[in-house]
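Asker: Questions regarding the structure given below will be posed in turn.
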Amino acid sequence: MADRTARLSVDGIKGTIELPIHLGTVGPDVVDVAPLTAKGIFTYDPGFVATASCQSAITYIDGDEGVLLYRGYPIEQLAEQSDHLEVCYLLLNGELPNAKQKQEFVRTITRHTMVHEQLRTFFNGFRRGAHPMAIMCGVVGALSAFYHDSLDIDDEAHRKITAHRLIAKIPTIAAMSYKYSIGQPFLYPRNDFDYATNFLYMMFGSPCETFEPNPVISRAMDRIFLLHADHEQNASTSTVRLAGSTGANPFACIAAGIAALWGPAHGGANEAVLKMLREIGSPKNVPKFVKRAKDKNDSYRLMGFGHRVYKNYDPRAKIMQETCREVLTELGIDRDPLLQIATQLEKIALEDEYFIEKRLYPNVDFYSGIILKAIGIPTEMFTVIFATGRTPGWIAHWKEMVSAPYKIGRPRQLYLGPKKRDFVPIEQRTS
Ligand code: CMC
């Protein structure tokens with residue numbers, strides 16, 4: 001795989017160190033720094049801004065050009081012509097399914113949507129009003145206690161059934177987390193509905209009333225799942241891989257991914273966008289908040305703007321923007337005050353020199369937050385929905401890693417603490 005060589009000379013080390021350069025199918029070449037350890041040198045890259053932590057054939061991003069490919073297929077084409085479950089199949093298996101494979105896959109996922117009946121009582125351990133992400137972390141981690149029959153990570157059949165169970169059950173658990181937090185009864189999944197519609201039913205349905213699906217809303221929900229399905233080595237996916245590299249079971253690894261996703265710099269941003277819009281309060285206050293975001297002495301940031309990789313318009317945000325307009329028109333709520341603030345903010349930020357110069361564009365979470373609010377999804381559920389969409393990506397990465405030889409993930413450090421010193425008995429300590 002090494003096609004070229006980088007040569008490094010280091011003060012104090014004789015000669016040059018040869019480092020192989022590996023070429024990807026597309027994208028930047030990577031210098032293999034592993035030979036440095038034999039010379040007693042480590043590389044330093046906090047935040048992994050210049051480090052490829054693994055090889056992968058799942059997703060490709062070109063942040064400068066605003067390109068996102070799942071298994072080579074542009075996200076725009078998938079969003080337009082495919083659906084979330086087909087994309088799940090693609091991420092897991094590497095190829096789009098033929099008609100028969102798709103039918104079988106959809107049937108399998110649909111047949112696995114119920115959770116173990118005992119898991120329903122497990123929810124009672126949480127206090128009412130708990131954040132649904134807290135419930136998700138706990139319940140998804142606990143799945144390993146319910147599905148003992150599929151925990152052998154070296155068995156391909158076990159890996160497959162676990163992947164299917166996770167994709168099928170995540171929407172059920174997500175909706176249960178919400179229903180529990182508001183004190184309403186859980187709804188069993190409806191297997192006559194498609195994936196997105198079934199989720200909306202479990203969220204908004206009630207045992208006492210008939211649920212009327214809205215195809216525009218179902219399509220928007222499916223798109224939100226699809227657009228979040230994978231995003232190469234982001235913080236939560238890297239967490240799943242790191243946890244998986246120890247040989248931990250996949251349910252525990254996905255629970256770790258959910259925990260990493262929760263933070264406002266990652267999946268928590270869609271919730272943070274809504275909080276920010278509420279704090280801004282009125283379109284006339286937008287300039288004041290934009291000014292704060294630009295102030296070097298103020299840590300305030302505009303949530304839903306900027307991305308570690310995209311230094312161009314996030315291609316997912318463009319699709320989400322269109323979907324956002326469709327949903328608002330369908331629901332006749334394009335005059336919603338928070339949405340007006342969002343529109344004003346988007347306009348000002350896109351024209352502002354600071355945001356242009358730093359290449360800070362609205363990201364996927366900016367629009368997904370607005371759509372979710374319009375659909376009636378409570379803010380605390382936004383990150384849960386991100387997690388539901390991202391589950392196939394996490395599993396695809398976990399499966400890719402454990403299906404080939406892998407090493408435990410073990411970063412090194414630049415140590416800046418005290419040098420070796422002797423213990424001082426307490427009575428002799430002066431300060
Ligand atoms: N508002 C104002 N200034 C910003 C923002 C923002 N949202 N984002 C970055 N900057 C500034 C930042 O202050 C820095 O300025 P300077 O160079 O003068 O110090 C510069 O832009 C580069 O920022 P950075 O923090 O070095 O960039 P990063 O790659 O480490 O961070 C980010 C990326 C997404 C964490 C960051 O842009 C951010 O905090 N955005 C708001 C949170 C958000 O929307 N997150 C969702 C990301 S998309 C969903 C996902 O993939 O999880």
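The values are calculated or read from the model by the stated rules, or taken from the named source; none is laboratory data. This is a predicted model, so every value here is computed, not measured. Cβ sites come from the backbone with ideal geometry, for glycine too, and all protein chains shown count toward neighbours. Remember, those area values only see protein heavy atoms, side chains included, never the ligands or the DNA or RNA. Shrake-Rupley method; radii C 1.70, N 1.55, O 1.52, S 1.80 Å.
Asker: Quick check: pseudo-label points 7 Å beyond the Cα along Cα→Cβ at ASP334 and GLU95, how many nm apart are they?
Answerer: Label at ASP334, label at GLU95, 4.4 nm between them.
Asker: In whole angstrom, how far apart do the alpha carbon centroids of the stretch 161-215 and the stretch 78-120 sit?
Answerer: 16 Å
Asker: Report, ordered by chain and residue number, the lysines lying within cross-link reach of LYS102, taken as a straight Cα distance under 19 Å and ignoring same-chain residues fewer than 8 apart.
Answerer: Reachable lysines: LYS160, LYS169.
Asker: How large is the accessible surface per residue of the chain, computed with a 1.4 Å probe and reported in Å² as a whole number? Display every interim value, and only then the final one.
Answerer: Values: 22060 Å² over 431 residues.
Using a 1.4 Å probe on heavy atoms only, each residue of the chain averages 51 Å².
Asker: Once Rh is set to the Kirkwood radius over Cα pairs, what Stokes-Einstein translational diffusion coefficient, in µm²/s, holds for the chain at a temperature of 10 °C and a viscosity of 1.306 mPa s? Walk me through the intermediate numbers first.
Answerer: On the way: Rh = 23.5 Å.
Answer, rounded: 67 µm²/s.
Asker: Among 402-411, 293-302, 189-198, 163-172, what's the highest-first ranking by average C-beta atoms within 10 angstrom per residue?
Answerer: On the way: 402-411: 11.1, 293-302: 13.2, 189-198: 19.2, 163-172: 23.7.
Descending packing order for the listed peptides: 163-172, 189-198, 293-302, 402-411.
Asker: Taking 7 Å along the Cα-to-C-beta vector as the label spot, tell me the GLU351-LEU8 distance in nanometres, rounded to one decimal.
Answerer: The modelled label-to-label distance comes out at 4.8 nm.
Asker: By a straight-distance test (C-alpha under 19 Å), which lysines pair with LYS296 as possible cross-link partners, with residues fewer than eight away in the same chain excluded?
Answerer: Here the lysines satisfying the reach criterion relative to LYS296 are LYS288, LYS358.
Asker: Can you list, bin by bin at 10 Å, the percent of alpha carbon pairs in the stretch 220-272, starting at 0?
Answerer: Distribution as computed: 26, 48, 24, 2 percent.
Asker: Please list the equivalent ellipsoid semi-axes of the stretch 95-214, computed as the square roots of five times the alpha-carbon gyration tensor eigenvalues, in descending order and whole angstrom.
Answerer: Numbers: eigenvalues 126, 87, 21 Å².
Each semi-axis is the square root of five times an eigenvalue, giving 25, 21, 10 Å.
Asker: Treating cross-link reach as a plain straight distance, find the lysines whose alpha-carbon is under 29 Å from the alpha-carbon of LYS14, omitting any fewer than eight places away in the same chain.
Answerer: LYS39, LYS419, LYS420
Asker: Further question: Tell me the relative contact order for the chain as a rounded percent, counting alpha carbon contacts under 8 Å between residues six or more apart.
Answerer: Here the relative contact order equals 20 percent.
Asker: What whole number of Å gives the distance from the Cα centroid of the stretch 374-429 to the Cα centroid of the stretch 305-341?
Answerer: So the two Cα centres are separated by 30 Å.
Asker: So, one more: If you count, for each residue, the other Cβ atoms within 10 Å and average over each peptide, how do 88-95, 113-120 line up from highest to lowest? If you can, show how the numbers build up before the last one.
Answerer: Numbers: 88-95: 19.8, 113-120: 15.4.
Ranking, from highest mean packing down: 88-95, 113-120.
Asker: Rounded to a whole number, what % of the accessible area of the chain do carbon and sulfur atoms account for, probe 1.4 Å? Walk me through the intermediate numbers first.
Answerer: Numbers: 11520 of 22060 Å².
Result for the chain: 52 percent of the exposed heavy-atom area is carbon or sulfur.
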